[in-house]
Every structure is written in structure tokens, then in C-alpha cells.
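Written out below as C-alpha cells is the structure these notes cover.
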Amino acid sequence: MKKSKRQTISVTLASYNNEDCIADCLNSVKGWVDEIIVVDGHSTDKTAEIARKLGAKVLLRENNPVFHIQKDIANREAKSDWILQLDADERITPVMQKEIIGILDGDYFGYDSWLSPLKSTINKFLPFFPEPYRLTKPAAAYWLPRKNFFLNRYLKNAGQYPDPVIRLFQRGKAELPAKDVHEQMIVKGSVGWLRSDLDHFATPNFSRYLLRENRYSSLQAGFYKRDGVKINFFNTLNYLFFKPLGTFLSLYIRYRGFMDGFPGFVFSLYSGFHHAFSYMKLWELYKDEDYGKN
């Protein structure tokens with residue numbers, strides 16, 4: 001039974017053809033949150049049906065590649081004191097659940113910063129890094145450190161950890177610009193940190209990775225066109241060779257992707273290819289436009 005002083009919390013999601021993972025996401029919050037709202041882009045699979053069976057309020061809207069628009073709809077629909085914004089391929093761990101409930105109960109307020117396990121270990125012997133201190137009142141919003149599962153492991157390197165995202169916030173104190181799929185929330189007030197990790201199972205296999213890459217590269221091609229990127233000799237060299245190589249070397253060498261074995265190599269390599277895929281799709285957009293004029 002909930003304490004009388006506990007504030008309420010809504011979980012909000014945007015979904016589209018997520019029948020393979022949405023049940024795990026909703027089960028990780030079911031039973032301790034007050035409301036679950038899912039804005040579904042008319043999925044062609046059983047996503048909406050699964051969400052309803054697990055107690056979610058499902059709103060059907062036209063699917064938009066910039067799915068933060070659907071997230072914003074869900075956030076505006078929420079009625080609780082707090083909103084926990086999740087993706088269908090994310091899961092709240094029991095440790096993170098305990099932290100969030102502590103905030104709702106007023107017994108715990110999070111931290112002013114986050115330190116990786118490596119820094120915390122170093123601090124035990126050599127105090128090079130300032131330890132975070134506990135907040136004395138709730139922040140307007142919170143960064144959630146995120147672990148990304150890729151192929152057969154959580155990536156600890158290649159710039160993929162802690163991969164912080166602002167997902168927990170007081171209703172009305174944060175919003176998404178809804179212009180890009182990788183943007184962060186704009187917060188009115190202070191931003192704290194949780195210490196535990198959010199589980200992210202976006203790409204547990206390579207087929208799902210390619211599916212997501214196809215979607216994101218198409219979206220990026222549209223952004224390139226909007227921003228006036230042209231198809232010319234310099235851009236072809238830049239987007240097909242220099243950017244892919246630079247990204248690969250940065251993730252694999254500078255951010256030590258090599259320490260994550262073969263998955264780290266694949267992630268670094270295909271992160272570089274993202275520039276090339278997007279540029280080739282930009283070429284297709286211009287060709288389709290020219291064809292339509294003829």
C-alpha cells in the first residue's frame with residue numbers, strides 16, 4: 001500500500017511495432033506507478049493490444065518518424081505529479097525503481113552529479129574526483145544513466161556509457177523540442193542525477209540494429225536536405241570517406257571501443273557508416289525530386 005505522502009507518477013511512451021519488447025518495458029513499471037500512457041503510431045503488430053492488456057491507456061495517432069512528437073503528446077496527457085518518459089525497448093531495474101520511489105516518498109532526492117564506477121573506485125584510493133552530494137530537495141528533472149545492450153553485451157566504451165538521458169521530471173517542468181530523435185529535454189529548473197542505470201535493449205541483435213539504422217539514416221537524409229546539404233565532390237568525399245573514418249577512429253580508438261571486443265568494433269564501424277548511408281539517401285531524395293519535375 002502506498003504511503004499517503006507519496007507523490008504520483010505517470011509513465012509515458014511512444015510506440016510503433018514494438019511487440020517484441022513493450023511487455024518487458026511495461027512490466028518493469030507495472031504495480032508501482034499510477035498511470036501508463038502509450039501513444040501508438042497505428043502499429044501493424046500487437047503493440048497496442050499488449051499495452052492495453054498491461055493496463056496502459058493507449059492513444060492512436062499518425063506515426064511520425066520524429067517520434068518525440070508522440071512522446072510530447074503522451075507527456076501532455078499525463079496527470080501525475082511526476083512523469084517517467086521511457087522508450088519501449090527500455091526497462092527500469094529494481095534498483096532504479098527504489099531510487100524513484102524514494103523521490104516520490106520524499107525520503108531521497110538524488111545527487112547533484114554522477115560518477116562512473118571507475119571514478120568511484122579511484123576515489124577510494126586517490127581523491128582525484130569530487131564526490132557527488134545528495135540533494136536536499138527534489139530537482140525539477142533527473143538524468144538517468146543508461147546501459148546500452150548491443151549484440152551480446154552491454155557496451156562500456158565507444159562513447160556508449162553512461163549515455164545519460166533526462167527522463168524523470170516534475171510535470172510541467174520539462175519538455176521536448178520535438179525536432180530531432182536524439183534531442184534532450186529542456187528543463188525549467190535544476191537537474192539532478194540518479195545513481196542506478198536504465199537498461200536499454202535497443203539492438204540485442206544485428207537485424208534490429210540495421211532496422212533502426214535504416215530509419216535513422218532516412219530521417220537524417222531529410223535533415224540534410226532541410227539544411228541545404230548539396231551533392232557535390234567535396235561533400236561526397238566528406239560524407240562517404242572522411243566522416244565515416246573519423247567517427248570510427250574516434251569511437252574505436254579515442255573512446256576505447258576496442259575494449260568491447262567484436263561488438264565494439266561493429267558498433268564503431270557502423271556508426272561511421274551512418275554518415276555515408278544518410279548521404280546516399282540524400283542523393284536519392286534529390287533524384288526523386290528531379291524525377292517528379294520531369
Next item on the list: Among the residues of the range 208-254, write down those that are of a type in the set (Lys, Arg), under 13 Å from residue 277 (Cα atoms) and in contact with a helix residue (DSSP H, G or I) (Cβ under 6 Å, 6 or more places away or on another chain).
Entry: 243
Margin query: Show me the helices (runs of 4 or more DSSP H) entirely contained within the range 1-120 in which 2 or more residues are modelled with pLDDT of 95 or more, surrounded by fewer than 16 Cβ atoms within 10 Å (Cβ to Cβ) and basic (Lys, Arg).
Written below: 47-53
Note to self: With over 25 Å from residue 82 (Cβ atoms) and touching a strand residue (DSSP E or B) at 6+ places or on another chain (Cβ under 9 Å) as the only criterion, which of 168, 198, 151, 194 stands out?
What the structure shows: 151
Check: Being in contact with a helix residue (DSSP H, G or I) (Cβ under 9 Å, 6 or more places away or on another chain) and closer than 19 Å to residue 183 by Cβ, is that true of even one residue in the range 26-40?
Finding: yes
Margin query: Checking residue 269 against (1) touching a residue at least 24 places away in the same chain (Cβ under 8 Å); (2) surrounded by fewer than 16 Cβ atoms within 10 Å (Cβ to Cβ); (3) part of a helix (DSSP H, G or I), only one condition comes out false. Which one?
Written below: (1)
Checklist line | Residue under evaluation residue 235, criteria (1) in contact with a Phe, Trp or Tyr (Cβ under 9 Å, 6 or more places away or on another chain); (2) surrounded by fewer than 12 Cβ atoms within 10 Å (Cβ to Cβ); (3) polar (S, T, N, Q), criterion not met | finding: (2)
Check: Does residue 191 count as more than 27 Å from residue 29 (Cβ to Cβ) and either hydrophobic (A, V, I, L, M, F, W, C) or touching a Lys or Arg at 6+ places or on another chain (Cβ under 7 Å) (or both)?
Finding: no
Margin query: Is it the case, given these coordinates, that residue 198 is at pLDDT below 95 and either out of contact with any Ser or Thr (no Cβ under 9 Å at 6 or more places or on another chain) or not β-branched (Val, Ile, Thr) (or both)?
Written below: no
Next item on the list: Could you please give the count of residues in the range 217-248 that are polar (S, T, N, Q) and touching a Pro at 6+ places or on another chain (Cβ under 6 Å)?
Entry: 0
Margin query: Given the options 277, 262, name the one that is at pLDDT 95 or above, of a type outside the set (A, V, I, L, M) and surrounded by fewer than 19 Cβ atoms within 10 Å (Cβ to Cβ).
Written below: 262
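The values are calculated or read from the model by the stated rules, or taken from the named source; none is laboratory data. Please read all numbers here as calculations on a predicted model, not as lab measurements. Note: ideal-geometry Cβ built from the backbone for every residue, glycine included; neighbour counts use all protein chains shown.
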